[in-house]
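These notes concern the structure reproduced below.
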Amino acid sequence: MELGFTVSKHVRALEACDANTLTDLARYVSTALVSDDASSTRDDEMKFNLEHVAGVSAVFVEAARRGFDARDVKATLERDCGTSSERAKIIADAYGTVRGDIERALKLHASSSTVGRLKSHACRADYVVSTSTNGDAKEHAFHMSWLLNDKTTGKDEKVSFSCDMEEMLHFVETLREACRASETIAARSSA
């Protein structure tokens, strides 16, 4: 399970939570992801660090997307994020209780969402160099712009975003993984 730098950082930050807080956080995320009633979690909204919520939410959704079970989640958190066994078990157990609901929600969303066809794209890569009293700072910046066509409405939608080097590497690897999966499915169906 590839979580990316930012999500991994948020998950590593969970080590600072005590077991009770982490259990409450995992329960909150579980409810927020599968509940049809948004008000059911509103009271707990401000109780948790948003980065912690984002980290656990991303783990749950990515794990469900890949069909992971609770054991896979626990092992991945320990191996890839350096999460302690106790904390990984708390998160994995909470995921295990809502896995089916999240998988169903993802399938429903995928089947009901129209997917725009990429009509054109543009990419600009910048290398930013700045100097300050703290020393030189060098960073990559990527600016993407896509023009998508919605087949159902016939309208075009422009999507623009920026990302850093780590996010771009994750994006490119995700695209490669999707291509490999598509080729595998095509090979299976033609055999």
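In the range 151-166, the residues that are over 13 Å from residue 117 (Cβ atoms) form Cβ pairs under 6 Å with partners that are open to solvent by less than 70 Å² (accessible area, probe 1.4 Å), at six or more places apart or across chains, as follows: 158/147; 160/145; 161/144; 162/143; 163/142. Looking across the range 167-191, the residues that are open to solvent by 90 Å² or more (accessible area, probe 1.4 Å), part of a helix (DSSP H, G or I) and either in contact with a strand residue (DSSP E or B) (Cβ under 8 Å, 6 or more places away or on another chain) or more than 22 Å from residue 117 (Cβ to Cβ) (or both) come down to 169, 188, 190.
Looking at the range 139-150 only, could you name the residues that are under 11 Å from residue 114 (Cβ atoms) and either in a strand (DSSP E or B) or touching a Pro at 6+ places or on another chain (Cβ under 6 Å) (or both)? Of everything in the range 139-150, those that are under 11 Å from residue 114 (Cβ atoms) and either in a strand (DSSP E or B) or touching a Pro at 6+ places or on another chain (Cβ under 6 Å) (or both) turn out to be 148, 149. Being open to solvent by 40 Å² or more (accessible area, probe 1.4 Å), among the hydrophobic types (A, V, I, L, M, F, W, C), part of a helix (DSSP H, G or I) and at pLDDT 90 or above is not true of residue 88.
Of the residues making up the range 1-23, just one is crowded, with 16+ Cβ neighbours inside 10 Å and more than 14 Å from residue 55 (Cβ to Cβ), namely 23.
May I ask you to list the residues in the range 21-36 that are more than 21 Å from residue 71 (Cα to Cα) and either touching a helix residue (DSSP H, G or I) at 6+ places or on another chain (Cβ under 6 Å) or in a helix (DSSP H, G or I) (or both)?
Looking only at the range 21-36, we keep the residues that are more than 21 Å from residue 71 (Cα to Cα), and these are 21, 32, 35-36.
If the condition is that a residue be more than 21 Å from residue 71 (Cα to Cα) and either touching a helix residue (DSSP H, G or I) at 6+ places or on another chain (Cβ under 6 Å) or in a helix (DSSP H, G or I) (or both), then 21, 32 are the ones that fit.
Are any residues in the range 54-77 more than 12 Å from the chain's Cα centre (by Cα) and part of a helix (DSSP H, G or I), and if so, which ones? Hits for the range 54-77 are 70, 71, 72, 73, 74, 75, 76, 77. Out of curiosity, is residue 42 modelled with pLDDT of 85 or more, open to solvent by 60 Å² or more (accessible area, probe 1.4 Å) and at negative phi? Taking the combined requirement at face value, the residue does not satisfy it. Just one of the listed residues (180, 117) is closer than 22 Å to residue 4 by Cβ and among the basic types (Lys, Arg), and it is 180.
Results for (1) within 18 Å of the chain's Cα centre (by Cα); (2) surrounded by fewer than 11 Cβ atoms within 10 Å (Cβ to Cβ), shown as yes or no for each residue.
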| residue | (1), (2) |
| --- | --- |
| 81 | yes, no |
| 84 | no, no |
| 93 | no, no |
| 97 | no, no |
| 101 | yes, no |
| 106 | yes, no |
| 110 | yes, yes |
| 114 | no, yes |
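Given the criterion polar (S, T, N, Q), touching a residue at least 12 places away in the same chain (Cβ under 8 Å), in contact with a strand residue (DSSP E or B) (Cβ under 9 Å, 6 or more places away or on another chain) and more than 26 Å from residue 64 (Cβ to Cβ), identify the matching residue among 130, 145. The unique qualifying residue is 145.
The values are calculated or read from the model by the stated rules, or taken from the named source; none is laboratory data. Predicted model only: the values in this text are computed from it and were never measured. Ideal geometry is used to build each Cβ from the backbone, glycine not excepted, and the neighbour counts take in all protein chains shown. Ligands, DNA and RNA are stripped out before the accessible areas are found, and what is left, the full protein with its side chains, is counted by its heavy atoms. Shrake-Rupley method; radii C 1.70, N 1.55, O 1.52, S 1.80 Å.
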